[in-house]
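Read the structure below first, then the notes.
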Amino acid sequence: MAILMAKSLCLVILSLLGLSTIAAGTICGSVCAATGTPYVGPGAGSGTGTVGTAAYYTAPYTPSQCYGYTDEGTMIAAASDPIWDNGAACGRMYTIKCNSKAGIPCTGATVTVKVVDYCEKCNYTFYISQEAFQKLSTNLDVGTIKIYYNRTQEIPFVKAQLIYCPEKKHFHQYLRKD
C-alpha cells in the first residue's frame, strides 16, 4: 500500500512539472518505488559481493548529477554506466570492501556510499570520494583498488528537482528526498 501511494504521489508531482504520463510512469516505477527497506534485488547479497574496481576523486563534490549543489556528505560515489541505470541509481546505497586477495593494501574496513553522480566513460565500477577510499585502502597512491560491492538499501524520494546541465543544454529531472 505504501509503495502504491508513493508511486501515485510521484506521478502527481511529475505531471505537475509537465512530464508526460509515460515518462512520469517510467521514472516513478523505477525511483519512487523505493521504500527505505533493505534492497533484495539484483546485486544484493550476504556473501562477499560483486567484484569491481574503485578509484577516488577529491573535493569539491558538488555539483553532482543527482543533487546539483546540495551537499550529500563525503561517503559518496559516482556510478559507471553499468550501475548508473540512466539516472535511476541516484540515492542508491552500496557497501564496498577492498579485495585484499588482489595484493592491494586494504584496511579491512567496509564503507557504505551513496550514489550522487555519474562517471561518464569511467573505467571503474565506482568513482568514490577520497574519504571513502581512505577507509578502504592504506595507500592513496595505488589510485585504483579491486573491490567487492553490494547494493544495500534504497533512499525514499518524494520531491522532484530539475537540474540544468549547461554542457548538454538540457534539464535532468530527479526525485529527491527531503
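The values are calculated or read from the model by the stated rules, or taken from the named source; none is laboratory data. From a predicted model like this one, the values you see are computed outputs, not experimental measurements. Every residue, glycine among them, receives a Cβ derived from its backbone with ideal geometry; neighbour counts consider all protein chains shown. Ligands, DNA and RNA are excluded from the accessible area calculation, which covers all protein heavy atoms including side chains. Shrake-Rupley method; radii C 1.70, N 1.55, O 1.52, S 1.80 Å.
Side notes on the structure shown:
- Odd one out for residue 83 among (1) over 13 Å from residue 115 (Cβ atoms); (2) in a helix (DSSP H, G or I); (3) at pLDDT 50 or above: (1)
- Restricting region 91-106 to residues that are assigned to a helix (DSSP H, G or I) and of a type outside the set (Lys, Arg) leaves a set whose member that is surrounded by the most Cβ atoms within 10 Å (Cβ to Cβ) is 100.
- Any hit, region 87-100, residues being in contact with a Pro (Cβ under 9 Å, 6 or more places away or on another chain) and among the basic types (Lys, Arg): no
- Of residues in region 107-145 being in a helix (DSSP H, G or I) and acidic (Asp, Glu), the one least open to solvent (accessible area, probe 1.4 Å): 131
- Inclusion of residue 47 among residues that are open to solvent by 30 Å² or more (accessible area, probe 1.4 Å), outside any strand (DSSP E or B), at pLDDT below 95 and among the small types (Gly, Ala, Ser) is warranted.
- Test: residue 88 is surrounded by fewer than 20 Cβ atoms within 10 Å (Cβ to Cβ) and out of contact with any strand residue (DSSP E or B) (no Cβ under 9 Å at 6 or more places or on another chain): yes
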